[in-house]
Every structure is written in structure tokens, then in C-alpha cells.
Amino acid sequence: MPTNEAKLETRCLSSLAKVFADEELKDELYERGSALANETYSFQVAYRSRELRKSIRIRIESGLKNVILVRSVGLAPSEYPYPSNGDGHILRTTPGLYPDPLYPLDASGLSAPPNQWRSVWITVELDGSVQEGLHPVRIIFETETGEMLGEALFELEVIPAFLPEQKLIHTEWFHTDCLAVYYGVDVFSEAHWQRIDQFLQTAVKHGMNMILTPLFTPPLDTAVGGERPTVQLVDVERTDGTYRFGFDKLQRWVELCSRRGMRYFEFSHFFTQWGAKHAPKIVARENGEIRKIFGWETEAAGEDYTRFLDQFLPALVGFIREHGLEERCYFHISDEPHTEHLESYRLASAIVRKHLSGYPIIDALSDYAFYEKGLVQRPIPASNHIEPFIENRVEPLWTYYCVSQYKDVSNRFFAMPSARNRVIGLQLYKFGVTGFLHWGYNFWFTQYSRRAIDPFRVTDAGCAFPSGDPFVVYPGEDGPIESLRLEVFYEALQDLRALQLLESRIGREAVIRVLEEGLNEPLTFRNYPRDAGWLLSVRERVNRFIRKHGGETAES
């Protein structure tokens, strides 16, 4: 709402808007939406002042006040926003400041630099206790003394239906070493366990139900010959070629993750990335000293490492069975092997699989030949290479994206519109995807883990990956600071669950018709309407059908 020159102008926007400080608002007014009774719903209020204002306070007037969280959308720098050969489905390619971190409001309040649009992020965390119907939310901007500067009004309809439990298996690689390095704490010290717990809770809250578990230091994004900080949950002792294993830290990890709601354990890779040619870094106690016994100098299929795995894997399986984890554990061989690595992957896989019969082995790869030759039973193809896996009806079907998926398909770089982030929920539903993987929950190193970075200053892993690829959480002094990209991706997961709920009431074929209503061609991972309005309208349409068929089931 426009006000006089000394005050604020405001505009309600959807969660899919990105408000840049150096340009006019491009998104239309969005001041009404709907949500299911246990859903997390977000929207924004953009604001601008003609003169510098500080210590702005936000006051909420609403019956929903007790379930509303208000945060400030901060700006993060990007030197490398987008590849030069990308597609046109982006907001901008210029280096600069991009809206991303969601800062809690503190005693100092908000600032409004002159003639710059900024925004606040309003999260309504519905918990099933709110009465159905339309709920107005009045957002009031005030001075320290209570003088009104501006206001906005949003209306949220709460629908009397509940999202079902998430079925999708979802992992964002949890980099335990990055937590220790950034916060300056010893690995697996009590201070480190506290940080792990904080970031674990944020992960679970946002739909992550599988966690990368570092049995040994994960051989991921590591320069050949280089090392990442040692994060090894399994204690190893070697005496004359015989190994003993201690699982105390692993047990603590499992108990903590289980207590916080983590369902699945994704054990770290047994061989190096991009070829499965070497062993990961493993340290052991030998002759009273802790030293590295395997690493880049170790041949993957060599006698020494094979002997180690032949002793370790049966011991690990024993731990799994002792703690009743048989249905909760997944394993990796090597990340992102290519066609030229077929033989080395085959040899590595054979060593591991003879001990892990019946346990799922998953790996990110995009060459169908690995699956066709029986080298991996549960492939995770990239979203831009998933077509042959869909055509051949691979089940269970997983997918992932990372730095390379920047043409046509969904992703979540700073430079991309948020609708491109959220649309994946609809795609996961249509193609019956079982699991989704991403490599960067909190990767706060440069590429190949050569050095640590400050994520508030470096968002592209040292000009290696477009900003938004390496992480979705920032390391705040008091714990995780979430990003709008994390929140929007969670909205995608909620869209998926809403579609599954509707399917239980009207059947899958009918849901697909609702989803694709008005489209000129079927929805795929590459083909989908690019505008946020379409995506928002689809979800509202789904909600209307859920409300309409509240008493019906798929059978009826």
C-alpha cells in the first residue's frame, strides 16, 4: 500500500518472488492463499522507503499469531551466478547481491535503505490446531515508538485436511566436517555434537529423512591426493593384518538421528568419487598411534583394502542387525562414475556386494549401462538424464541434480526463479519417484575441499559452482540460518504430499488430469510452464479438489 513520502510502501508477494534491492518489483500482488491443516505456508511482504529508516518493528495482528514466524530476507553475494551457456529461464546473470538467507528478527529491528525494495518472510506453521476457514493476517510496520509506517493484509484459508506422512526418501548431503571447521570445534567433541544436532533438526524439519553417515571420511569433492578433515564414526584398530572395530560413535549418531526423526542412514562411499579407483581416507590405531592406513595411495580392488572390507562389512552388518536397522540402511560404492569407469566400478561393487546381500546400494550416475549390466540395482540418474530410466520403467526410481543440471530442468541456483525450484514436487509425483538426492546441504569449502570459506561471503565454492548449488543453510552464531531456497524446496515436498493425498481420494489418473489441466503438452522434467502463477494456481486447484472430495476415497 502506498503511503506518504516519509513512510513505507508495501506489497504482499508469494513465496516464489525474489525481491532484489536494485530493481523494481516484478511479481504481482499476492494476498490470498490456502493451506492444509498441518502445512507450513509462506508468503512475503516487500517494503520500500524513500529515506533511510532503521529500527523498524513488525507487529502481527491475526488469530494465527501464535503459529507465525517473521524473518528478514537477507542479501547474499554472488560472483558466479550462472553458467555462460545456460538457458534463458533465469532472473539475471550479473554478479551482485541476491535474496537468500532468512534472518531472525532481533532487537535492532529492520532497516530500510532509501529507495531499495526489501522483504520479510512470513511463515505460518500450521500444526492441526487451527480452526478451518479464512484467517486474515495483518502485518504492521512500526517505529520504535509505535508509529505506523505501513501495513499489508494477507488472507490464508485453512482447509480441514491433513498432509500425509512424507513417502519420498530425501537426502541432502550433510557435511559433518564443514560444521567442525566453521565453528572451530574438535570433531565429535561435545560442541561438535551440539552443532550436528542443531543442523540435523533443521534438516528433518524441511523434509530430509535420510542422512549421509560418515563411517569413514566421505571421499566426496576432494582433490586427488588431497584430504578433507577426518570425520570417522567407526574406530579401527589394526594388529598384524587383523582389524577390530568400535561402533560407539556410530551408535550415538544413530540414536541422535533417530530421536530427531531421521528415518534412513546413507552410509558414506567405500571408494573414491569419479571412478572408484581408490579407498577413502581411513585412520586406525596401530602400535599405540593413530595414523592413516588407507587413502589415495590404496588401490580400490587391491589385496589390502579388500581384506579390510572383508572384515569390516560383516562387523557393520552385525551392528545393523543388533540395533534393528535392517530396513533403514543404504550403501554407496562410488559417486558419479562414468562410462570409462565401468570396469573399476564393477570390481569395487563385487567386493562390497558379496557382504551386503539384501541391502540397497544407491549411487548417483547417469549412464544407463551401469544399471543395464547389473552393476547397480538402484541407480540415481540426474534429472536431465532420467528419460531412459523412465522409459525402461526402472524401479525404484530416484533422481538428483547438482551443478550440471542448469538447462531446462529444475534447480535452485540464486539466479533461478523460485518456481523453477518448486516445480520438482509435481514432477516427482507424476513419475512416481521414490528418492531425491542433492550433494549440498552445507558444503562450506571451495571446490575439491581445498580450503574453508565464509558462506556469508562466498556462495559459489570459490567461483566453481553457481551460487545456490553448494549449500541451503548458513552457519549462524546460534545455529542454522535457513535460506528461502530451502523453504521453497520444502514447499515442493508439501506439493508432492498434497497430490498423494488427493490420489487417495480420486485416484492417480484423475490427479494427473488435475495437474496437467490446460497444458499444451504433458508435464516432464524438461517441459513445464515457466511462470510462478501457473504453479501457484495448480496448488490452489489441488487444494480445491481436496476440499471438494473430503469424504471420498480412491475406491469410491
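The values are calculated or read from the model by the stated rules, or taken from the named source; none is laboratory data. As the structure is a computational prediction, the values presented were derived from the model and not from experiment. Neighbour counts are summed over all protein chains in view; Cβ atoms, including those assigned to glycine, are modelled from backbone coordinates with ideal geometry. Accessible surface areas use protein heavy atoms only, side chains included; no ligands, DNA or RNA. Shrake-Rupley method; radii C 1.70, N 1.55, O 1.52, S 1.80 Å.
Restricting Asp100, Asp87, Asp106 to those that are among the acidic types (Asp, Glu), closer than 18 Å to Pro417 by Cβ and assigned to a loop (DSSP other than H, G, I, E, B) reduces the list to Asp87. When Glu31, Glu61, Glu125, Glu39 are checked against the criterion of being surrounded by fewer than 15 Cβ atoms within 10 Å (Cβ to Cβ) and of a type in the set (Asp, Glu), Glu61 stands alone in meeting it. Counting just the residues of region 305-330 that are open to solvent by 40 Å² or more (accessible area, probe 1.4 Å) and part of a helix (DSSP H, G or I), which one comes out farthest from Glu266 (Cα to Cα)? My answer is Arg307.
Just need a number here: residues in region 357-383 that are over 17 Å from Asp335 (Cβ atoms) and part of a loop (DSSP other than H, G, I, E, B). Residues meeting the conditions: 5.
Please enumerate the residues belonging to region 386-410 that are free of Cβ contacts under 8 Å to residues at least 24 places away in the same chain, in a loop (DSSP other than H, G, I, E, B) and either out of contact with any helix residue (DSSP H, G or I) (no Cβ under 8 Å at 6 or more places or on another chain) or of a type in the set (S, T, N, Q) (or both). Within region 386-410, Arg393, Ser404, Gln405 qualify.
Taking the numbered list (1) within 30 Å of Ala464 (Cβ to Cβ); (2) in a loop (DSSP other than H, G, I, E, B); (3) at pLDDT 95 or above; (4) not hydroxyl-bearing (Ser, Thr, Tyr) in turn, Gly74 passes all entries but (2).
Each residue in region 135-153 was checked for being open to solvent by less than 30 Å² (accessible area, probe 1.4 Å) and either without any contact (Cβ under 8 Å) to a residue 60 or more places away in the chain or of a type in the set (Phe, Trp, Tyr) (or both), and 1 pass.
Counted as qualifying within region 196-271 are no strands (runs of 3 or more DSSP E), as none has 1 or more residues that are modelled with pLDDT of 95 or more and on the phi > 0 side of the Ramachandran plot. A residue that is open to solvent by 10 Å² or more (accessible area, probe 1.4 Å) and over 26 Å from the mean Cα position of the chain (by Cα) occurs somewhere in region 157-174.
Select, from Leu496, Leu519, Leu502, Leu535, the only residue that is aliphatic (A, V, I, L, M) and out of contact with any helix residue (DSSP H, G or I) (no Cβ under 6 Å at 6 or more places or on another chain).
Numbers: Leu496 fails: out of contact with any helix residue (DSSP H, G or I) (no Cβ under 6 Å at 6 or more places or on another chain); Leu502 fails: out of contact with any helix residue (DSSP H, G or I) (no Cβ under 6 Å at 6 or more places or on another chain); Leu535 fails: out of contact with any helix residue (DSSP H, G or I) (no Cβ under 6 Å at 6 or more places or on another chain).
Exactly one residue qualifies, and that residue is Leu519.
Here is a check on your reading of the model: is Ser258 among the small types (Gly, Ala, Ser), in contact (Cβ under 8 Å) with a residue 12 or more places away in the chain and closer than 22 Å to Thr176 by Cβ? Before you say what the answer is, go through the steps one by one.
Numbers: among the small types (Gly, Ala, Ser): yes; in contact (Cβ under 8 Å) with a residue 12 or more places away in the chain: no; closer than 22 Å to Thr176 by Cβ: yes.
No; evaluated as a whole, the condition is false for this residue.
Return a yes/no flag: does region 15-24 have any residue that is open to solvent by 10 Å² or more (accessible area, probe 1.4 Å), part of a strand (DSSP E or B) and modelled with pLDDT of 95 or more. Checked region 15-24: no residue is open to solvent by 10 Å² or more (accessible area, probe 1.4 Å), part of a strand (DSSP E or B) and modelled with pLDDT of 95 or more.
Sort through Lys354, Lys373, Lys407 and tell me the only one that's closer than 30 Å to Val19 by Cβ, open to solvent by 60 Å² or more (accessible area, probe 1.4 Å) and out of contact with any strand residue (DSSP E or B) (no Cβ under 9 Å at 6 or more places or on another chain). Spell out the reasoning first.
Numbers: Lys354 fails: closer than 30 Å to Val19 by Cβ; Lys373 fails: closer than 30 Å to Val19 by Cβ.
On inspection, the qualifying residue turns out to be Lys407.
Considering only residues that are among the small types (Gly, Ala, Ser) and at pLDDT below 95, look in region 521-556 and name the one that is nearest to Leu428 (Cα to Cα).
First pass over region 521-556, keeping only residues among the small types (Gly, Ala, Ser): 532-533, 537, 550-551, 554, 556.
So of that shortlist, the ones also at pLDDT below 95 come out as 550-551, 554, 556.
Details: Gly550: 24, Gly551: 26, Ala554: 20, Ser556: 26 Å.
Out of the qualifying residues, it is Ala554.
Under the condition of being hydrophobic (A, V, I, L, M, F, W, C) and either open to solvent by 70 Å² or more (accessible area, probe 1.4 Å) or within 13 Å of Phe20 (Cα to Cα) (or both), the residues counted in region 82-104 number 2.
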